[in-house]
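Enquirer: What follows is a single structure, and I will ask about it in a moment.
The values are calculated or read from the model by the stated rules, or taken from the named source; none is laboratory data. Only a predicted model underlies this, so the values are computations on that prediction, with no experimental measurement involved. Virtual Cβ from ideal backbone geometry, glycine too; neighbours counted across all protein chains shown.
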Amino acid sequence: MASNSTFTSPALAFELVAKCSTTRARASILTLPHGTVNLPIFMPVATQASLKGLTPQQLEDTGCKLCLNNTYHLGLKPGQEVLDAVGGAHKLQGWSRNLLTDSGGFQMVSLLKLANITEEGVRFLSPHDGSPMLLTPEHSMSLQNSIGSDIMMQLDDVLVTTSPDKARMREAMERSVRWLDRCIAAHKNPDRQNLFCIIQGGLDLEMRRECCREMLARETPGIAIGGLSGGEAKDDFCKVVACCTELLPDLKPRYVMGIGYPEDLVVSTALGADMFDCVWPTRTARFGNAITKHGVLNMKKEVYAADFGPIEDGCGCPCCRPVDEEGSIGITRAFVHHNAAKETVAAHMLTLHNVWYQLNLMREAREAIIADRYPVFVREFFGNLYADPSNYPSWAVDALKGVGVDLLET
Amino acid sequence: MTVDTREFGSAAMSFEILRAALGDGAAARLGRLAFAGRRPIDTPNFIGITSRGAIPHITPDNVARHLNVGGAYMALEDFIERPQQYSTRTPPIYEIPPTAKHQTRLHSFTAMPPSVTTVLGARRLPAVASPMGNTKSSVSVFTSTGFQALTTAEYLAAAQSLQPDIAVPPADLTHSPITPNSKRALRMAERTDEWLEEWFSELQDSPTPVTTFAPVLPIPYPIQWEYLSRLAEDYLPTAQLAGLALYDPDLLPDLASFVPALLPLPRLSLSPPSTPHHILNQIALGIDLLTIPFINTVSDAGLALAFTFPPPTTPPNNPLPLALDLTAPRFATSLAPLTPHCPCGACTTHHAAYIHHLLAAREMLGWTLLQAHNHGVMAAFFAGVRATLAQQDGAAAFARARGEFARAYEAGFPLGMGERPCF
Ligand SMILES: [Zn+2]
Ligand SMILES: [Zn+2]
C-alpha cells in the first residue's frame, strides 16, 4: 500500500518526510514493531547481543532506536534452542527497541576460510567440532525468526566485489534472487518481522540494475545494497550505490550494508541511501580511538595525558557534554588516556562517545535535509574534517559532483 | 548496649555514633559518617575499590546510577607512573583543575560522582609486595611502569593537591603474608610514628586541611603502643586526627582496653576480608567502614554473590553457596534474576540467561552487570546488618544472626570458571 508519501506493509511503515532539492538525500520515518526510527540512520553493531560493555540503558540514552545483532554469532552462542526458550534476542539482551539481523552468510564466508557455496546453501565446518554444517536460506530464516529481529536479511551469495570472475558474479547474483524466493517462502512471521532483499552484482552496474529489477519484483518491505564492504575502490562503491538508488522506489527504506566511516555516511546519504551499519566505531574505541568532526584521535598518545578538555569539544554525549549540564559525566581526554588499554571503562567511554558521534552525525544530516540545506551541511562536514580542501578525497568530490554538490566551489 | 549519640568531627567531616558498644569497647556499632557535599554513609558499611580511579568495568555514570556505594578507595600509585620517554612529567592528576561539579582534583580526574566519598591511600588494595622495600623517607609503590619510590613528602603534597575526603598517611608496611619479626615490626612502628609526626607538623602551617585517618599497623599492640598512645595524646586533642585506618581489625580489643580515647573515631578497615563471614567478624570487632577487594575478583571470575543478612529464616539442610557460578549450564535459559528479589540494576532489567550468555561470549558487559549485582548484594548485606543492630537488643540479635549466617552458608567461595573479558 502506498500513498503519496507513505508506504505500509504488515510490519513496517515508511514515511518520506523530505527530499533534498539538490542531492538525492532523503529524510524519513520508519516505523517498526519496536518503535519509530528516523532515517537516515547509523546502526551500531551489537554482535553477540551486547555493545562492547555498554548497558542497553546506556545505548538507549545515546538515542539509538535500531541496532544490529549478528545471526551467525547468536546461532553459535547462545544458540537457537536458548533463543527459543528465552523468547528471542530482544528478551535475551533486555532491549526494547528495534533489532536488525544479517543472514549469517556473510560472516560465514568472511570468518570461515573453508566456507563453500552451493545452490543448497553455504557449507562450512563447525567452529566447535569441525563437523560439516550447512546454512540454507530456510535455516537462516528459521534462526532469524527465533531471534525475532524487526528487520531480517535474506541469505545471499556474497562474493567480493573485486572478483574478476564475471560468470561467478552472475551466478551469485542470480542465486541470490533464487534464495530470496526461498527466504520469502520460509519466513514464518511476516506480520511482525520484515525481510529485506539484498541487491548483488559486484561492480558491474548493468548486473546491479538487473538485480534491482528482479529483487524489486519480489516486493520486500525494504531493500539493501550488499557486497560492498569488501575493499573495492571508493569510486566504484559510490557508482554502485548511485546506480541502485536511481532505480529504487521512493517509498522504501534503503540500507547500504557494512559501511560506517563518517565520510561514507555523508556521501551515501547524498546518494540516496537511508541506513548504514558498521563495527568500526565501536571496534576502534577499544584501541583508544575517538571519532571527532576533525578526524579520529588516538587517546593513547602522550599529548592527551594532561589534556583536561572533553573527548570532543561541543559533543553532546554523556562523556563530553559540559560538566554543569544534566547527565554529564565530565570525562576528560586525560582520564581516557590514563585508562586506555588498561581498564575496560576507557573503552566503554569511547564507545559511548563514538556511537553518539555517529548517531548525531545522522541526526544533523537529517535536520539539514529537512531544512533543505544538505549541500551546505556536506561542505561544512568536509571543511571540518580536512583543514585543506586539496586533501578532500577525490572519490567523495566526484561522487558529490554527480549529485550536484561541488565541494571545491568557493 | 545503650542508645546514645556521640558526635565527632570537624567542619569537613562528622561522625555520629548512633548506637555505641557499652562495656567491652570493641563491638559492633551503628553510626553515620558524613563529609561536606557527599552523601552520608550509614555504618557499618563498605566502600568500593577502584583500579586506576575507576570501579572496574563500571563507568562513572553507572556508578551513580547502579552502584549503591557511598565511598571509593583510590591508590596514589595508580596515578603516578613515569612512562619511559616522559619520565620527568608531572603526574597529570596534580594539574587537573577542579570544576563546579567535581570540586576536588581526585574527583575531577576520575569523574567520580560528587556524592561519593573518596579515600586516598598510597598503595592499591591489596598491594603488591615490593622487592625494594621502604626507606626512612619513602614507601616503595608499584605503578603501571614498575616499582618506584614515593617519598612521604610527595605523598603528603599529593593528598593536599588531590583533596580526598579521607587520606591515609603512609605506613611502613611489608604487604607480605609473612609476619615481620619483632625487630622489623618495631621499625615499622617507629617509622610510621615519625612519618605521622612529620605529616601533622607539615599540615599545621598548611592552608589546605587534610582529613587524616591514621594507620594502625598489623603488628601486635605491645610493639606499637607508643605510636598508638601518641595518637590519643598528641593528635586527638588537637583534632588533627579524624579517624583510624586499621590494617588489622583484631587490634580493636587492645585499643579499647589501652587507648579508649581513640574509640569515638571512625574506623576504616584496610584488611581484606576473604568472605562475608570475615566481614561479619570485622563488624563484630567494631569496624565502621570496610574495603572488600573480593567483590571485584568474584565478578571477574563470573560469580554472582548470593548471600543475605540475616540469612534465610528456615535453615537449609546443606550450607548454601556464597556465590553462584553464572557460567554453569543451568543458567543458559534461566529468566530469573541472579538471586531472588535482587533489587540491583542488573537484576531489575536482566536475567541469569543473559549474563550466562555474555560470559560464554566473553563480552565485557557480563562483568559490568556482575559488578552491579555484586556491589548491590553487598549493599543489601550491610543494610541488613544495620537493621539488625538497630533492633531493641541489637548486639544479641546481631550475634544470633551471625551464628545463623555461619551455619546457613558455606565457608568459602566456589571457584569461578569465568575468564577475564576480552577487550
Ligand atoms: Zn563525546
Ligand atoms: Zn542483582
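Enquirer: How do the strands (runs of 3 or more DSSP E) wholly within the stretch A:201-320 filter down when requiring 1 or more residues that are surrounded by fewer than 18 Cβ atoms within 10 Å (Cβ to Cβ) and within 16 Å of ligand 1 (Cβ to nearest atom): which remain? Spell out the reasoning first.
Expert: On the way: elements: A:222-225, A:254-256, A:275-277, A:289-292, A:295-298.
Here the list reads A:295-298.
Enquirer: Can you tell me which of B:S201, B:S271 is out of contact with any Phe, Trp or Tyr (no Cβ under 9 Å at 6 or more places or on another chain) and either within 25 Å of B:R400 (Cα to Cα) or free of Cβ contacts under 8 Å to residues at least 24 places away in the same chain (or both)?
Expert: Numbers: B:S271 fails: out of contact with any Phe, Trp or Tyr (no Cβ under 9 Å at 6 or more places or on another chain).
Matching residue, one of B:S201, B:S271: B:S201.
Enquirer: Follow-up. Kindly evaluate A:R321 against the criterion of being closer than 27 Å to B:M364 by Cα and more than 10 Å from chain B (Cβ to nearest Cβ).
Expert: Details: closer than 27 Å to B:M364 by Cα: yes; more than 10 Å from chain B (Cβ to nearest Cβ): yes.
So A:R321 passes the test.
Enquirer: Among the residues of the stretch A:84-94, write down those that are of a type outside the set (V, I, T) and free of Cβ contacts under 8 Å to residues at least 60 places away in the same chain. Full working, then the answer.
Expert: The first filter runs over the stretch A:84-94 and keeps only residues of a type outside the set (V, I, T), leaving A:84-85, A:87-94.
Across the stretch A:84-94, the qualifying residues are A:A85, A:H90, A:K91, A:L92, A:Q93, A:G94.
Enquirer: Another question about this same structure. Tell me which residues, restricted to the stretch B:345-355, are in a helix (DSSP H, G or I) and more than 6 Å from ligand 2 (Cβ to nearest atom).
Expert: Initially, the stretch B:345-355 is screened for residues in a helix (DSSP H, G or I), giving B:345-349, B:352-355.
Result: B:G345, B:T348, B:T349, B:A352, B:A353, B:Y354, B:I355.
Enquirer: Just for the stretch B:194-210: of the residues that are surrounded by 14 or more Cβ atoms within 10 Å (Cβ to Cβ) and farther than 21 Å from B:L173 by Cα, which one is modelled with the lowest pLDDT?
Expert: To start, the set of residues in the stretch B:194-210 that are surrounded by 14 or more Cβ atoms within 10 Å (Cβ to Cβ) comprises B:194-200, B:202-203, B:209-210.
From the residues that got through so far, the ones that are farther than 21 Å from B:L173 by Cα too are B:202-203, B:209-210.
On the way: B:E202: 95, B:L203: 95, B:P209: 88, B:V210: 94.
Among them, the one singled out is B:P209.
Enquirer: If you scan the stretch B:159-178, which residues turn out to be buried (at least 21 other Cβ atoms within 10 Å of the Cβ) and closer than 26 Å to B:S274 by Cα? I'd like the intermediate steps shown before the answer.
Expert: Within the stretch B:159-178, the first condition is being buried (at least 21 other Cβ atoms within 10 Å of the Cβ), and the residues that meet it are B:159, B:162-173.
The answer is B:I166, B:A167, B:V168, B:P169, B:P170, B:A171, B:D172, B:L173.
Enquirer: Could I ask something else about it? Taking the stretch B:111-123, which residues are at the interface with another protein chain (Cβ under 10 Å from one of its Cβ atoms) and out of contact with any strand residue (DSSP E or B) (no Cβ under 7 Å at 6 or more places or on another chain)? Let's see the steps before the verdict.
Expert: Residues of the stretch B:111-123 that are at the interface with another protein chain (Cβ under 10 Å from one of its Cβ atoms), as a first pass: B:111-114.
Correct list: B:A111, B:P113, B:P114.
Enquirer: Please go through the stretch A:325-371 and give me each residue that is surrounded by fewer than 22 Cβ atoms within 10 Å (Cβ to Cβ), in a loop (DSSP other than H, G, I, E, B) and out of contact with any strand residue (DSSP E or B) (no Cβ under 9 Å at 6 or more places or on another chain), ordered by number.
Expert: A:E325, A:E326, A:G327, A:S328, A:A341
Enquirer: Another one. Hey, can you tell me all the residues within the stretch B:345-358 that are surrounded by 20 or more Cβ atoms within 10 Å (Cβ to Cβ), over 24 Å from the mean Cα position of the chain (by Cα) and within 10 Å of another protein chain (Cβ to nearest Cβ)? Even if it seems obvious, please write down each step before you answer.
Expert: Taking the stretch B:345-358 and keeping what is surrounded by 20 or more Cβ atoms within 10 Å (Cβ to Cβ), we get B:345-347, B:350-358.
Adding the requirement that they be over 24 Å from the mean Cα position of the chain (by Cα) leaves B:347, B:350-358.
Of everything in the stretch B:345-358, those that are surrounded by 20 or more Cβ atoms within 10 Å (Cβ to Cβ), over 24 Å from the mean Cα position of the chain (by Cα) and within 10 Å of another protein chain (Cβ to nearest Cβ) turn out to be B:H350, B:H351, B:A353, B:Y354, B:H356, B:H357, B:L358.
Enquirer: Please count how many residues of the stretch A:333-365 are away from ligand 1 (no atom under 11 Å from the Cβ) and facing chain B (nearest Cβ under 7 Å).
Expert: 10
Yes/no per residue for (1) surrounded by fewer than 17 Cβ atoms within 10 Å (Cβ to Cβ); (2) modelled with pLDDT of 90 or more; (3) more than 10 Å from chain B (Cβ to nearest Cβ):
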| residue | (1), (2), (3) |
| --- | --- |
| A:G53 | no, yes, no |
| A:C67 | no, yes, yes |
| A:D102 | no, yes, yes |
| A:Q107 | no, no, yes |
| A:K113 | yes, no, yes |
| A:G121 | no, yes, yes |
| A:F124 | no, no, yes |
| A:L135 | no, yes, yes |
| A:L143 | no, yes, yes |
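Enquirer: Right, here's the next one. Looking at this structure, is A:Q48 part of a loop (DSSP other than H, G, I, E, B) and not hydroxyl-bearing (S, T, Y)?
Expert: Working: part of a loop (DSSP other than H, G, I, E, B): yes; not hydroxyl-bearing (S, T, Y): yes.
The answer is yes for A:Q48.
Enquirer: Filter the stretch B:105-135 down to residues that are more than 15 Å from A:F335 (Cα to Cα) and of a type outside the set (G, A, S), then give me how many there are.
Expert: Step one: filter the stretch B:105-135 for residues more than 15 Å from A:F335 (Cα to Cα), giving B:114-135.
If we keep only those that are of a type outside the set (G, A, S) too, we end up with B:114, B:116-120, B:123-126, B:128, B:131-132, B:134-135.
So the answer is 15.
Enquirer: Follow-up. Check whether at least one residue in the stretch B:361-375 is within 16 Å of ligand 2 (Cβ to nearest atom) and more than 14 Å from chain A (Cβ to nearest Cβ), and report yes or no.
Expert: yes
Yes or no, residue by residue, for (1) more than 22 Å from A:E246 (Cβ to Cβ); (2) touching a strand residue (DSSP E or B) at 6+ places or on another chain (Cβ under 8 Å); (3) touching a residue at least 12 places away in the same chain (Cβ under 8 Å):
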position: A:R168; (1), (2), (3): yes, no, no
position: A:M173; (1), (2), (3): no, no, yes
position: A:V177; (1), (2), (3): no, no, yes
position: A:H187; (1), (2), (3): yes, yes, yes
position: A:Q193; (1), (2), (3): yes, yes, yes
position: A:L205; (1), (2), (3): no, no, yes
position: A:R208; (1), (2), (3): no, yes, yes
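Enquirer: Now a separate question. Can we say B:F382 is farther than 20 Å from A:H348 by Cβ, touching a residue at least 12 places away in the same chain (Cβ under 8 Å) and within 12 Å of another protein chain (Cβ to nearest Cβ)?
Expert: Values: farther than 20 Å from A:H348 by Cβ: yes; touching a residue at least 12 places away in the same chain (Cβ under 8 Å): yes; within 12 Å of another protein chain (Cβ to nearest Cβ): no.
Judged against the criteria, B:F382 is not a match.
Enquirer: Name every residue in the stretch B:67-89 that is of a type outside the set (F, W, Y) and at the interface with chain A (Cβ under 8 Å from one of its Cβ atoms), in order of residue number.
Expert: First, pick out the residues of the stretch B:67-89 that are of a type outside the set (F, W, Y): B:67-72, B:74-78, B:80-85, B:87-89.
If the condition is that a residue be of a type outside the set (F, W, Y) and at the interface with chain A (Cβ under 8 Å from one of its Cβ atoms), then B:P83, B:Q85, B:R89 are the ones that fit.
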